[in-house]
1. Can you tally the net charge around GLU111? Count Lys and Arg as +1, Asp and Glu as -1, for every other residue whose Cβ sits under 14 Å from the Cβ of GLU111.
2. If the label point is 7 Å along Cα→Cβ of ILE104, which residues in region 43-83 have backbone nitrogen under 15 Å from it?
3. Between LYS21 and LEU229, with labels modelled 7 Å along Cα→Cβ, what's the label distance in nm to one decimal, could you check?
4. Of ALA249, LEU286, HIS210, which is farthest on the positive side of the dipole of region 187-296, counting Cα position, with +1 on Lys and Arg Cβ, -1 on Asp and Glu Cβ, and the Cα centre as origin?
5. Taking the Cβ-Cβ separation of SER176 and THR351 as r and a Förster radius of 25 Å, what is the calculated FRET efficiency to the nearest 0.05?
6. Carbon and sulfur atoms: what percent of the 1.4 Å accessible area of region 244-389 do they account for?
7. Determine the gain in length on full extension of the stretch GLU149-GLU254; use 0.36 nm per residue of separation and subtract their C-alpha separation, reporting nm with one decimal.
8. Which whole-number value in Å² is the accessible area per residue of the chain, probe 1.4 Å?
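The values are calculated or read from the model by the stated rules, or taken from the named source; none is laboratory data. Treat the numbers as computed from the prediction; the structure is a model and nothing was measured. So basically every Cβ, Gly included, is an ideal-geometry build from the backbone, and we count neighbours across all protein chains shown. Calculation scope for accessible area: heavy atoms of the full protein, side chains included, ligands and nucleic acids excluded. Shrake-Rupley method; radii C 1.70, N 1.55, O 1.52, S 1.80 Å.
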Amino acid sequence: MLALKILIVEDDNVSALLLKKALEKNHHEILGIAATGEEALDLMDEQQVDLVMMDINLGGQLDGIKTTEIINEKYDIPVVYLTASSDEETLQKIAGTNPSAYVIKPFNIRELNMMIELAIFKDKKEKELQKLNNELEEKVRKRTADLNEANKELKKALEKEREIGELKSRIVQNVSHGFKTPLTSILSSAQLLQIYAEKGHPMKQKLVKHSRKIENSVRSLNSLLTSVLFFGKADANKIDYKPSRFFSAAFFNEVLDVVKANNDNNVTISTHFNNVPKTIKSDTELLYQVFENLLSNAVKYSKENGHVNFSVEVADEIMKATIEDDGIGIPAKEQSQLFDRFFRAKNVGITEGSGLGLSIVKKCVEVLKGEIHVSSEAGKGSVFIVNIPIG
Ligand code: ADP
């Protein structure tokens, strides 16, 4: 059996000495005999105790049970009660403080040893149990945190899926709507062309007008499809920066030709190029999207016979382009939503559009590592400025 350092708390001197002798016979070391609870607590503050033998009925302010309660709170040490009575009331009081064991006086040495062994065994088991419990709690805490994390991820994924679903249905709606007008136009113009051809009338002007209408409608459908395809790529994060060196004049002429072909308002476009190198290194597809959309909007939202200024200048490898119109402008209240997908301002009237152009512009400028700024006043016009680094 282990040799323990034991503190005896007993106010009866004779009993205390008898107990000390019995314990020492079993090779335990008696650290002290305290006659009161207060004295016992002082002794425990001073030295390391393995076990306390505690008389229940002590003189002084603290009886054995109260002293044990304080010991339980402050230390993790087994306490064996010594009691002269085994009546129900005393046992109930004892049980409330979860003693390691109790010895009923008078005791014999064998019984005393058994109780001490029992107390140590119980204490050891309780500590093991506590350790297991702590480990289990830690595991549960960790699993709960992991689960919460997984739950958050799942929620995010579901939210993303819901957003994509919503976006898809809006695209389908907008595209179907956007297809209707040009298709009707294509159909009626084609039918008219057939009638003119059959009649063999010299309707050259009308033939030109309707074939132009067909051409424009097909262009508008094409641009709508390009926007939709672009968004498919943007959502899949598949828009890469693919630079190549190209002739600047050929590039801007191509953009301007397409924009002019859709100019129904008889808008004049003035161009000013300052210090633009002959060749530029950038991503032509992305640049095309930026300029085609901004210039088309400037023309589209201009008044009849309006004027658009398009100027490009290059300094320190930054291309600064300004697109200025004197058209309908954008109401101040709505300007914060300008680059949102499907946004169309309230003042657009019957001007056709999908509300996708500027969000495409924004995405392209982002991939090109550039910036875009707008200033606009309803009824007066708009100025879009883009700064794009070029090689
Ligand atoms: P849309 O296909 O409707 O033109 P955009 O994304 O290109 O879509 O533009 C979004 C909205 O921003 C337009 O519907 C219009 O209300 C406004 N907007 C864009 N550019 C101009 C401009 N130059 N002048 C006036 N309003 C503009």
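1. Computed value for this residue: +2.
2. Taking a point 7 Å out along Cα→Cβ of ILE104, the residues of region 43-83 whose backbone N falls under 15 Å are 81-83.
3. Computed distance between label sites LYS21 and LEU229 equals 10.8 nm.
4. Of the listed residues, the answer is HIS210.
5. Values: r = 19 Å, r/R0 = 0.76.
Once the sixth-power term is evaluated, E becomes 0.85.
6. Working: 3500 of 7210 Å².
Taking all protein chains in place, region 244-389 shows 49 percent carbon and sulfur surface.
7. My answer for the length gained is 32.6 nm.
8. Values: 23450 Å² over 391 residues.
For the chain, the solvent-accessible area averages 60 Å² per residue.
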